[in-house]
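> One structure, as structure tokens, below. Some questions next.
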Amino acid sequence: AVNKDLMRLKYHFMAPAYWINDPNGLIFYKGEYHLFYQHYPYAPEWGAMHWGHAKSKDLVHWEHLPIALAPSESYDLDERGGCFSGSAVDDNGVLSVLYTGTVIRDGIVIQTQNLATSKDGITFEKYEGNPVISAPPEDSSANFRDPKVWKHNDKWYMVVGSSKDGKGKALLYNSPNLRQWDYVGVLAESDGTMGTMWECPDFFPLGDRYVLMISPMGMGEHKTIYLVGDMDYETGKFTWDTMGDVDAGFEYYAPQSFLDAKGRRIIIAWINAWDWMPWFKNFGPTGKNNWCGAMSAPRTVELDVDGRLRFPPVEELQVLRREHYHHANAKIVPGSRLLPDYIASDCLEIKAEFQLTGSQAEEVGFVVRASEDRKQQTLLSYNLHTRELRFDRSQSDGWSDGVQTVCIDASETLQLHIFLDTCVIEAYADNYRVALTNNIYPDPSSISLDLYAVGDAVTVKTLDIWKLRSAW
Ligand code: DQQ
């Protein structure tokens, strides 16, 4: 019998098989985009970490390449450790990656920073002088990982994620040659409310400001946050004044950024799926088909007029659009259907603008991946009374943590931009200042789509729906 994998994603990047987590070493190198990723190539669950590798000319179509890094040395060979997350830079044509070697010796975690280089962009050699940073500084605990490297005024800089005394920290280093590193100090740290360990820090200039992106552990629902502020290279301190969520969804983690030839700051994150892990909830359906986790679609990072960040998806994704359905000034009447059946699909892009003024409605939004009888459905809606954007997957199948809400002040109009790819939804609102990424695991036959309103009719000023094709 043919085992059809009906959950398989059609345009989000997945490993050829098995487990995937953090994006690593994102770089535009010699005219192509390179994506490395945390990978366990033997099972659909977390295990000794390798660096998987792929490249792309357009950020949409990816070509798988051989595994770039595998555990092999005293500093990265351990079945509970391996080659942990890191970043890539172009060092005069040499593709150089810095990563965390993790081993556990006598029950103690040892994390060091290491270098590997490649002349052809495919085969990597670990530097014989590794580790290039062999122990954490005094400001750190043994949690000392995920180096992100960049160049400023001809000097290399590195930020490393850390923690001490229950506070997340970002540590700063510099180097003339990627091989000798000097500790500068604490670039930024939690004020006590921003997580206990800062994983995957990423630091970059944007306009006349600097951005620190982190994946804090122990900060409740805030899984990825950004801080906007100013950098003083003299003191090595970053002072921030603006904070927000990169993505407020359940499953968006460890985003990493890079700059491309068009000058865009682009981020890709891990869409996690811990659910298949034996020690976790163990109900996720994808593990049965030998895959677990994926990459988010690439987004650009832009500075908004009020100093906050916007994350619009890259326009390259438009090549996936097939049949197009357009509606203007349509009335969504409570209790009646608006969309024809033929729009039903598990792979869609949806853009809508709702007119909120003049309506007494309580709620308006989309029902996606619904069964005919609506017993199974995912709701993406806006509550006009509480002013909350709401992602409700409590009827999507199996989730106990089903509802997420984000406050946005949509007083006159509300814009929603939604990408559905089988079992992943990425939704944007508030001019791309709010993003929500979540997994849903409905029955393969639940593919109905419609709009709905509660309490009163609402006008959808413009509605565009595209069926999307597979990128593979
Ligand atoms: N995953 C990696 C670590 C990182 C964590 C290990 C974040 O380097 O801190 O796979 O998901």
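> At 0.890 mPa s and 25 °C, plugging the Kirkwood radius over alpha-carbon pairs of region 69-115 into Stokes-Einstein gives what diffusion coefficient in µm²/s? Don't jump to the answer; show the numbers that get you there.
Working: Rh = 11.1 Å.
The estimated diffusion coefficient comes to 221 µm²/s.
> Given H placed 1.01 Å from N in the peptide plane, which residues other than close sequence neighbours of TYR127 have an amide H under 5 Å from its amide H?
LEU115, ALA116, THR117
> Principal axis lengths of region 84-218 from Cα atoms, whole Å, largest first?
Sorted largest first, the three principal extents are 47, 44, 24 Å.
> Here is a further query. Please work out the Cα convex hull volume for the chain and give it in Å³ per residue. Present the calculation step by step, with values, prior to reporting the outcome.
Working: hull volume 70.4 nm³, N = 472.
Convex hull of Cα atoms, per residue: 149 Å³.
> Using amide H atoms built in the peptide plane, which far-off residues or other-chain residues are under 5 Å from LEU339 H to H?
Amide H neighbours of LEU339: LEU451.
> For a bin width of 5 Å, list the pair-distance distribution of region 1-125 built from all Cα-Cα distances, rounded to whole %.
In order of increasing distance, the bins hold 2, 11, 20, 22, 18, 12, 8, 4, 2, 0, 0 percent.
> Based on the Cα gyration tensor of region 287-410, what are the three equivalent ellipsoid semi-axes, each the root of five times an eigenvalue, rounded to whole Å and given largest first?
Values for region 287-410, descending: 24, 23, 19 Å.
> Could you run the Karplus curve 6.51 cos²θ - 1.76 cosθ + 1.60 with θ = phi - 60° over region 63-76 and give me ³J(HN,Hα) per residue in whole Hz, x for Gly and Pro?
10, 6, 10, x, 4, 8, 9, 10, x, 8, 10, 4, 8, 9
> Could you work out the mean projected area of the convex hull around the alpha carbons of region 51-149, in square nanometres to one decimal?
Numbers: hull surface 29.7 nm².
About 7.4 nm², averaged over all directions.
> Once amide H atoms are built 1.01 Å from N in the peptide plane, which residues 5 or more positions from ASN143, or in another chain, come under 5 Å H to H?
Distant-sequence amide H within range of ASN143: SER163.
> How many lysine pairs are close in region 1-141, with Cα atoms under 28 Å apart and the two 8 or more places apart or on different chains?
Lysine pairs meeting both conditions in region 1-141 amount to 12.
> Counting every Cα pair in region 90-138, what percent are over 15 Å apart?
More than 15 Å apart: 52 percent of the Cα pairs in region 90-138.
> How far, in nm, would the chain grow between ASP230 and TYR325 when pulled straight, counting 0.36 nm per residue and subtracting the alpha carbon separation?
Details: separation 95, 0.36 × 95 = 34.20 nm, distance 4.48 nm.
My answer for the length gained is 29.7 nm.
> Any idea how far the Cα center of region 343-357 sits from the one of region 49-125, in Å?
One Cα centre to the other: 40 Å.
> Please give the charge dipole size of region 18-310, origin at the Cα centre, charges +1 on K and R Cβ atoms and -1 on D and E Cβ atoms. Round to the nearest 20 debye. Write out the running numbers ahead of the final one.
On the way: 26 positive and 39 negative charges, 95 e Å.
Approximately 460 debye in magnitude.
> Something else about it: Just tell me which lysines come within less than 28 Å, Cα to Cα, of LYS164; anything on the same chain fewer than 8 places away is out.
LYS148, LYS151, LYS155, LYS223, LYS237
> Using the scaling law 2.2 N^0.38 Å as the reference, what is the normalised Cα Rg of region 353-446?
Working: Rg = 13.2 Å, N = 94, 2.2 N^0.38 = 12.4 Å.
Working it through for region 353-446, the quotient is 1.07.
> Right, another one. When only DSSP loop residues count, what trypsin sites (Lys or Arg not before Pro) in region 297-390 have their Cβ near at most 11 other Cβ atoms within 10 Å? Mind showing how you got there, number by number?
Values: sites: ARG299, ARG308, ARG310, ARG321, ARG322, LYS331, ARG337, LYS351, ARG369, ARG374, LYS375, ARG387, ARG390; in loops: ARG308, ARG337, ARG374, LYS375, ARG387.
Loop-located and lightly packed - LYS375.
> Kindly count the pairs of lysines across region 319-468 whose alpha carbons are less than 19 Å apart, treating pairs on different chains or eight or more residues apart as eligible. Display every interim value, and only then the final one.
Values: LYS331/LYS351; LYS331/LYS461; LYS351/LYS461; LYS351/LYS467.
Lysine pairs, 8 or more places apart or on different chains, close enough: 4.
A short reminder: the numbers here are calculations on the coordinates, not readings from a lab. All values reported here derive from a predicted model rather than from experimental measurement. Virtual Cβ from ideal backbone geometry, glycine too; neighbours counted across all protein chains shown.
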